[in-house]
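Everything below concerns the one structure shown next.
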Amino acid sequence: MRAFITAVSLFLAVTFSGCKNKTELNDRGIPQTLTIAVLGGESIGLVKKLYEPIRIYLQQKLGMPVEMIYLTDYAAAIEGLRAKKVHMAYMSPFSYVIAAKNTDITPIIVLGGNGKPSMYTSNIITRNESSLNSMADVKAHAKSLTLCFVDPESASGHLVPRAYLTSIGLNPDTAFKETIFAGGHLASVYTVKSGKVDIGCTAKLALDIMVSKDLIKADDIKILWTSDPIVSDPIVVRNDLNKALVKKIQNAYLDMGRDAPQVLHNYLKFLTMDKQNLSFMVAQDSFYNGVRKIAGGIKDLKLSN
């Protein structure tokens, strides 16, 4: 744990070096440059192409410089908020719940439709050639199987499948031959597909995107379990940011469908297969009470931070 924290600290020191003056707030709570943390994962180049139009749009709407910081995991985003090196962050439901415990932040935006936040599901998967066909098979052979999670702060890639496995008597830390973290959804799926692990966790959305982008074939992967719906990822801000600026940021996202429809369309096209009635909507902390309940129900839950 100490080694991980040291690594994150060093990463942040390098990533945010030279940004001090830009990220500091003036006496009105306004920074020189609005800095937003985004999870780049294992496809930072692709993610940059996705978020650059949003950065330009926000810069125009807010009338101030906007910078996206692409990080490798949610732990770095959490630490960036705590260290006041970023002002906003795109987070997973679980990483938000973790950060909100001791970081002064508020969720302001989430994808949704018809007044309700968008939902997605978690999957436990295996490669199609595997002899595993059900979770009963997994339970029967757990001691000889290797398991792959995504990121410690991922809801669909860690928290939700861990809670499920625990509920059926499989402690991921002791029940399997080996349990690892891949670091990202694509990495988790590829690790399963290649046979390096027997079963893995990811979001159904990640599988759908990978198939649509020809990164995998639909029949490469076999789904063994699907979770109940999970509330979509929030965009959060630090509470020391100027309230009028926060409102402008929130309105910029809410107005994107009207003022920059192509930017929103391209974002939804990449991130979801169901973009018909989706847009940005106001987020509420209470949306994530379900995730809190799941996390609270797991004894000795180990996190990276």
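The values are calculated or read from the model by the stated rules, or taken from the named source; none is laboratory data. Computed from a predicted model, the values in this text were never measured in an experiment. Cβ atoms come from the backbone with ideal geometry, glycine included; neighbour counts cover every protein chain shown. In case anyone asks, the SASA skips ligands and DNA or RNA and just uses the protein heavy atoms, side chains included. Shrake-Rupley method; radii C 1.70, N 1.55, O 1.52, S 1.80 Å.
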Please report, for the Cα atoms of region 149-305, the Rg to one decimal and the Dmax as a whole number; what are they, in angstrom? 18.1, 53
Can you give the longest stretch of the chain with no exposed loop site, where a site means GluC sites (Glu not before Pro) in a DSSP loop (not H, G, I, E or B) with at most 14 other C-beta atoms within 10 Å? 130-305
With all protein chains present, the chain has a carbon and sulfur share of its accessible area (1.4 Å probe) in percent of 52 percent
Looking only at aspartates and glutamates whose Cα falls under 18 Å of LYS61's and that sit 8 or more positions away or on another chain, we get GLU52, ASP255, ASP259
For the chain, with +1 on Lys and Arg beta carbons and -1 on Asp and Glu, the positive-most of HIS265, SER118, VAL236 along the dipole: VAL236
In degrees, nearest ten, helix 44-62 long axis to first principal axis of the chain (Cα): 30 degrees
Taking LYS143 as the anchor, which lysines have their alpha carbon closer than 30 Å to its alpha carbon, excluding any fewer than eight residues away along the same chain? LYS177, LYS193, LYS196, LYS204, LYS217, LYS222, LYS293, LYS299, LYS302
Could you name the lysines whose alpha carbon sits less than 17 Å from that of LYS48, not counting residues in the same chain fewer than 8 places away? LYS213, LYS269
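Percent relative contact order of the chain, based on C-alpha pairs within less than 8 angstrom and at least six residues apart? Intermediate results must be reported in sequence, preceding the final value.
Values: 549 pairs, mean separation 77.6, N = 305.
Contact order relative to length: 25 percent.
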Among GLY157, GLY200, GLY257, whose mean-square fluctuation peaks in a Gaussian network model of the chain (Cα, cutoff 10 Å)? GLY257
By the scheme Lys and Arg +1, Asp and Glu -1, what is the net charge of all other residues having a beta-carbon under 13 Å from that of VAL192? +1
Can you find, among VAL97, GLY183, THR72, the residue farthest towards the positive end of the dipole of the chain? Put +1 on the C-beta of Lys and Arg, -1 on that of Asp and Glu. VAL97
Using alpha-carbon positions, what is the distance between the centroids of region 89-105 and region 129-154, in Å? 28 Å
Taking the Cα centre as origin and putting +1 on Lys and Arg beta-carbons and -1 on Asp and Glu beta-carbons, what dipole magnitude results for the chain, to the nearest 20 debye? 420 debye
Can you give the Rg and Dmax of region 24-112 based on its C-alpha atoms, in angstrom? 13.1, 38
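When you count, for each residue, the other Cβ atoms within 10 Å and take the mean per peptide, how do 187-195, 115-123, 69-77 rank with the highest first? The partial results should precede the final answer.
Details: 187-195: 20.2, 115-123: 18.3, 69-77: 23.8.
Going from most to least packed, we get 69-77, 187-195, 115-123.
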Positive-pole candidate from THR146, GLY296, ALA283, dipole of region 146-304, charges at beta carbon: ALA283
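What number comes out for accessible area per residue over region 117-254 if the probe is 1.4 Å? Units Å², please. Walk me through the numbers on the way to the answer.
Numbers: 5610 Å² over 138 residues.
Heavy-atom SASA per residue in region 117-254 reads 41 Å².
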